[in-house]
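Here's the structure we're looking at; comments come further down.
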Amino acid sequence: MSRKKTEQEYRKTFAFRFFRWLNAEEDRYLDKVEMHPQEPYVETEEDIRRRQREKNALLNKLYGRKKSKSVRYLELFYKGACIVFCGILIYLLLLTVSYLPPIGVADRPVNNEVSRRYIEEGLDETGAVNIVSGMILDYRAFDTLGESHVLFVATVTVLILLRADHKKKERSSAGEEMAYSLEEAEINDRNYEPKNDAILQMAACILVPIIIIFGIYVILNGHLGPGGGFSGGAIIGAGLILYLNAFGFQKTQRFFTEKTYKWVSFGSLSFYCIAKSYSFYTGANHLENIIPKGTPGAILSSGLILPLNIAVGLVVACTMYAFYVMFRKGGF
Amino acid sequence: MAEWVCFIVGTLFLLTGLVIFAIELYGAYRYDYVLNRMHMAAFGDTFGIGVSLLGLMIINGFHFSTLKMALIIIFLWCASPVSSHLIARLEAATNENLETHMEVEKK
């Protein structure tokens, strides 16, 4: 049977003090240490000035804002080295220029068998009257494939960087057409721009069909004359952008959405890949190419060049339009 | 003889166009306010290019490229005033101190 201590005795034991400390029931410093309530922090002008002076001194020491001697020497050396380096570069380039063959001499290294072959046999081998088209879409079709893919990758990158995802609002009632309230539209007015402009719409009505027809003409005549997929696609893209500017996103969304872009680009690029793979495969294995060359000068001639021009033109037009849309609104 | 007349008339038109372009350039840098500068630029874009291409058409004679030049003139006359109109509209919509530059009709 344990002996029960009285309260006073228990207060003197170690256990009491330990549990009191453990439960934080006692403030050991209360009434034992001199204490003042904290004064509100008031900064005098002198304090502010001193603080700024110290900060400036620290920054000067860290970043050399007030330049020390060694830094000044380093800068002088840097400038001198720049001048010397540029001088050496200019000298080397001019030296190289002096070794270049003069312009207009027949036996320049540029006039080698490659360009002679292009000029003399290009029409027979590719069937394209326009030698440049024959070059970029037949002899060097792989290079053009890379360029088209560069355009596609650039669009994807812009999409990653600039895409603004609008939250899809739940349309509570069927009659509610506007997904955004007026205040939101005020803040985010790019959803509604441009404001309908009658003059611009009239001009666009006249010009857009002409521009797009001209672009199609340039693409389809790429193997017959100056033009081709890149320039024609740029013209069509410009026409689409004009249409968008005049009539707004709601009109263009009826025929050109993200899905359209995706499938048109994918279809064109994969068609290019497959068509050119076929022609490379048959060419490398000395098989007979079943694609007819046609008579040079006719619109349906020169084998694969016309469809490839169309594919490249579609990619370029879609890329231009997608760039514009992405920079303007951040989504289709 | 007729070729010479064509050439001289065409050259006169072309020189007129050049003078108009010079006036346009001077005006675009002479004025400060955007509407004045826009007016000068539109002046060169329509009148200057029209007169210059008319001169070229007269020199060139009746040819397929003449038709193309006429199409360029029509295209520019459709496109350039519209773009000027859009710039003017943007300026009128965004500038708050429009009264300092011109008289504004109150609606």
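The values are calculated or read from the model by the stated rules, or taken from the named source; none is laboratory data. Just so it is clear, the structure is predicted and the values come from calculations on it, not from any experiment. For neighbour counting, all protein chains shown are included, and Cβ atoms are generated from backbone atoms with ideal geometry for every residue, glycine included. Calculation scope for accessible area: heavy atoms of the full protein, side chains included, ligands and nucleic acids excluded. Shrake-Rupley method; radii C 1.70, N 1.55, O 1.52, S 1.80 Å.
Tabulated data for the structure shown
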| quantity | calculated |
| --- | --- |
| Positive-pole candidate from A:249, A:294, B:28, dipole of the protein assembly as shown, charges at beta carbon | A:249 |
| Accessible surface, the stretch B:2-93, averaged per residue in Å² (probe 1.4 Å) | 64 Å² |
| Alpha-carbon centroids, the stretch A:194-255 and the stretch A:127-154: separation in whole Å | 23 Å |
| Computed label-point distance, nm, for sites residue A:299 and residue A:271 using a 7 Å Cα→Cβ extension | 1.6 nm |
| Those residues of the stretch B:61-84 for which accessible area with every protein chain present is at least 40 Å² below the isolated value (1.4 Å probe) | B:75, B:78, B:82 |
| Total accessible area lost when A and B pair, probe 1.4 Å, Å² to nearest 100 | 700 Å² |
| Fraction of accessible area attributable to carbon and sulfur, chain A (%, probe 1.4 Å) | 63 percent |
| Selection from B:70, A:137, A:322, by position along the positive dipole direction of the protein assembly as shown (Cβ) | A:322 |
| Dipole-positive endmost among A:154, A:59, A:83 within chain A (Cβ charges, Cα centre) | A:59 |
| Label point distance in nm, residue A:117-residue A:25, each placed 7 Å from Cα along Cα→Cβ | 10.1 nm |
| Mean separation of Cα contacts under 8 Å, 6 or more apart, over the residue count of the stretch A:14-155: relative contact order % | 6 percent |
| Enclosed volume per residue, in Å³, of the convex hull spanned by Cα atoms of the stretch B:2-93 | 62 Å³ |
| Assigned charges on the beta-carbon of Lys, Arg, Asp, Glu; the protein assembly as shown dipole about Cα centre (debye) | 2000 debye |
| Over the protein assembly as shown, equivalent-ellipsoid semi-axes from the Cα gyration tensor in Å | 67, 37, 34 |
| Angle between chain A longest axis and helix A:229-247 axis [Cα atoms, degrees, rounded to 10] | 60 degrees |
| Using θ = phi - 60° and Karplus 6.51 cos²θ - 1.76 cosθ + 1.60, couplings along the stretch A:314-320 (whole Hz; Gly, Pro as x) | 4, 4, 5, 4, 4, 5, 4 |
| Surface accessible to a 1.4 Å probe, per residue, for the residues of chain A, Å² | 74 Å² |
| Gyration tensor (alpha-carbon) shape descriptor, the stretch A:18-110, a/c threshold 1.5 | prolate |
| Area of residue A:35 that stays accessible when all protein chains are in place (1.4 Å probe, Å², to 10) | 110 Å² |
| Check: the stretch B:2-93 dipole with +1 on Lys, Arg Cβ and -1 on Asp, Glu Cβ, in debye | 100 debye |
| Length added when fully stretched, residue A:18-residue A:150, from 0.36 nm per residue minus Cα-Cα | 40.1 nm |
| Of all accessible heavy-atom area on the stretch B:1-93, the percent that carbon and sulfur account for (1.4 Å) | 77 percent |
